[in-house]
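> One structure is given below, represented as structure tokens, and several questions about it will come after.
We did not get these values from a lab; they are worked out from the coordinates using the rules stated. Since the model is a prediction, treat every value here as computed from it, not as a measurement. A quick note on method: Cβ atoms are made from the backbone with ideal geometry, for glycine too, and the neighbour counts reach across all protein chains shown.
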Amino acid sequence: MKISSSRAAGFTFVELLASSTLIVLLMLVLVSMTDATTKTWQYTSRKIEQFQGARVGFESMTRRLSQATLNTYWDIETVTTGSGATETTVPKTYVRRSELRFISGPMSIFTEGDPRYPTHGTFFQAPLGFVEDRSKYGGLTNLLNTWGYFVEVGEEGAPVPTPLLKEVKPRWRSRLKEFMEPSERLGVYKGQADPDTGFVVPITGASDRSWFKDPLMAKTRPVRTLAENIVALILLPQLPAGDLAAKSGSVLAPGYLYDSTVENSNEDINPHHQLPPVVQVIMVAIDEESARRLDEKAPRSPDLGLSFGQLFQDPEVLLQGTGAGGGGGAASMGDLQRLEAVLVARKVNYRIFNSNVIIRGAKWGRENN
């Protein structure tokens, strides 16, 4: 009987080496793909998080701004005729009055050119019910407050939980600030006592801005940071597009400045004791990495080294050159485009927020009083 023998089936060393090499290559590809996906996800998440705070701050600012009020009323204006024993005071007409204020414009005007406050700011009264002593006034939810928004450049700690603040070095950054004066300290009603009646006359003069400047410049300020890395805030009060007077464009806020105490002799446009019906709000935010690089290149610069101090002075050129037919070159570029060009040239990652805020309490009229 013939007995046949056969070797057990298996892999040669070369085959094992080839298969192991293939498995290693596949693993390297998978690890590389996973790493790339993780980095992409982290980068996207960081971008979303960087501008999430700016978006929340912008929405909070526009919501509060829409609640501005002047609480106007009609009062009798009198004239005096005669003199001495025949002097008589008689009613002349009804005029619009308000003890409250609304002001917006370049912060350089409000702070005497302090470079720490670039672009624009606004201050106004609104029934927001913010108080210091909640035990006494917490239930009065509609008390008036003076509120405001502006951009400030300076050194602060990072926005981290309090226990970690001591471990964080202060950073030179540009931030959106929120001014919030408690109802107990409402400065707009502080004025000089009338010598005849003894009553305090509220601040109404257009040149008197102490109602917000005094607390703004005080050592302990009613101010908090609303959003980090905000490099520009532009505010342009406007009339509704359908209003005939809107043809006058920036007349409502020449040089961007709008003050509700100013009486304009223009028969079509007169902001005296009136809120602007619409305020265009533009906010420019950059990410933290870009802010860090800017600070390294221009340490402690008032404008982070962006050098856009000459922009946003004339409302007529805010958006000039944008839209259809706007390809006229650098000469026709609007201020916002020029700022974007500066950011792009410095490789800054930025986001622009733009909204037309309707002031709900505005009851616009063309009366000259």
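> Modelling each spin label as a point 7 Å along the Cα-to-Cβ direction, I'd like the Leu26/Val95 distance in nm, to one decimal.
For the pair Leu26/Val95, the computed spacing is 8.9 nm.
> Which stretch or stretches of segment 74-117 have amide N atoms under 18 Å from the point lying 7 Å from Asp208's Cα along the Cα→Cβ direction?
97-103
> Would you mind ranking Ser355, Ser183, Ser307 so that the residue whose beta carbon has the fewest other beta carbons within 10 Å leads the list?
Listed from fewest to most nearby Cβ atoms, that is Ser307, Ser355, Ser183.
> Counting other beta carbons within 10 Å of each Cβ, put Lys39, Lys190 in order, fewest first.
Fewest to most other Cβ atoms nearby, the residues stand as Lys39, Lys190.
> FRET efficiency for Ala85 and Tyr137, Cβ-Cβ distance as r, R0 = 41 Å, nearest 0.05?
Numbers: r = 51 Å, r/R0 = 1.24.
The calculated FRET efficiency here is 0.20.
> Still on this structure, I have one more. Using 0.36 nm times the number of residues separating Ala18 and Ala345, minus their current alpha carbon distance, what extension gain do you get?
112.6 nm
> Something else: What is the fewest-to-most order of Tyr137, Tyr350, Tyr149 by other Cβ atoms lying within 10 Å of their Cβ?
On the way: Tyr137 16, Tyr350 20, Tyr149 27.
Ordered from fewest to most neighbouring Cβ atoms within 10 Å, Tyr137, Tyr350, Tyr149 come out as Tyr137, Tyr350, Tyr149.
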